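Nothing in this text is a laboratory measurement; each read-out follows from the coordinates by a stated rule. Please read these numbers as outputs of a predicted model, since none were measured by experiment. Heads up, the Cβs are rebuilt from the backbone with ideal geometry, glycines too, and the neighbour counts pull from every protein chain shown.
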Amino acid sequence: MTRLPSAVRGSVLAVALAACLAACSSGGSSPTGSAAAPSATPSASPSATPSATVTVTVTESQPSVPVSTSTPPTPTPSRSGGITKVDEVTGRLSPVGKESVVVDTSDGPHEVHLTADTVVLDTQGSVCDKGAVPHRCTSEQLVKALKAGVTFEAKVLITDGDAVKIEEIVRD
């Protein structure tokens with residue numbers, strides 16, 4: 001390996017540095033908005049004289065950016081067919097079997113289906129009395145209390161005929 005004289009080495013380094021700085025400050029940017037890293041390839045031919053010919057090649061590489069053509073998934077309803085009707089009624093509850101109650105409203109009776117997910121909020125403790133007020137009860141506890149003669153006035157949120165939330169109303 002032939003060692004270059006220090007004057008030639010210094011010139012090669014200075015030219016390479018100048019080329020890199022010029023490429024970085026020229027405003028060249030990639031499609032993503034960030035400047036690509038230039039690479040410099042200096043080549044020098046050693047000679048006996050102190051002058052040297054230096055060639056610097058600067059190339060900019062453009063990073064490849066993957067383009068997504070997929071569309072985001074469309075949310076689907078939790079039930080087959082989707083939700084068709086949402087209603088809210090207020091009235092006195094009466095039991096109808098193990099899985100239904102009738103809400104007696106000023107517009108007439110509304111039968112609603114109780115599910116394991118039905119939220120029953122009891123403020124007086126007449127259905128259940130565990131935990132903080134309003135007590136969170138099950139639909140089974142509600143049916144049992146109604147069959148035992150408990151009077152329960154409530155606001156009922158209904159979705160597709162199912163009671164989603166039953167919240168006791170206390171009248172003065």
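For region 86-168, lysine pairs separated by 8 or more sequence positions, or belonging to different chains, with Cα-Cα distances below 18 Å total 6. Summarising the amide proton neighbourhood of CYS128: residues at separation of 5 or more, or on other chains, whose placed amide H is nearer than 5 Å comprise an empty set.
Ranked by how many other Cβ atoms sit within 10 Å of their own Cβ, fewest first, the residues ILE158, ILE169 fall in the order ILE169, ILE158. For region 98-172, the set of trypsin sites (Lys or Arg not before Pro) satisfying both a DSSP loop assignment and a count of at most 12 other C-beta atoms within 10 Å is given as LYS98, LYS130, ARG171. Can you check what the net charge comes to around LEU114, using other residues whose Cβ is under 9 Å from the Cβ of LEU114 (Lys, Arg +1; Asp, Glu -1)? After counting each charged neighbour, the total is -2. Here the calculated FRET efficiency for ASP160 and CYS128, from their Cβ-Cβ distance with R0 = 22 Å, stands at 0.25, rounded to the nearest 0.05. Over region 113-172, Cα pairs under 8 Å with separation of 6+ residues give a relative contact order of 39 percent. Under a 5 Å amide H cut-off, with hydrogens placed 1.01 Å from N, VAL96 pairs with VAL101, VAL102 among residues at least 5 apart or on other chains.
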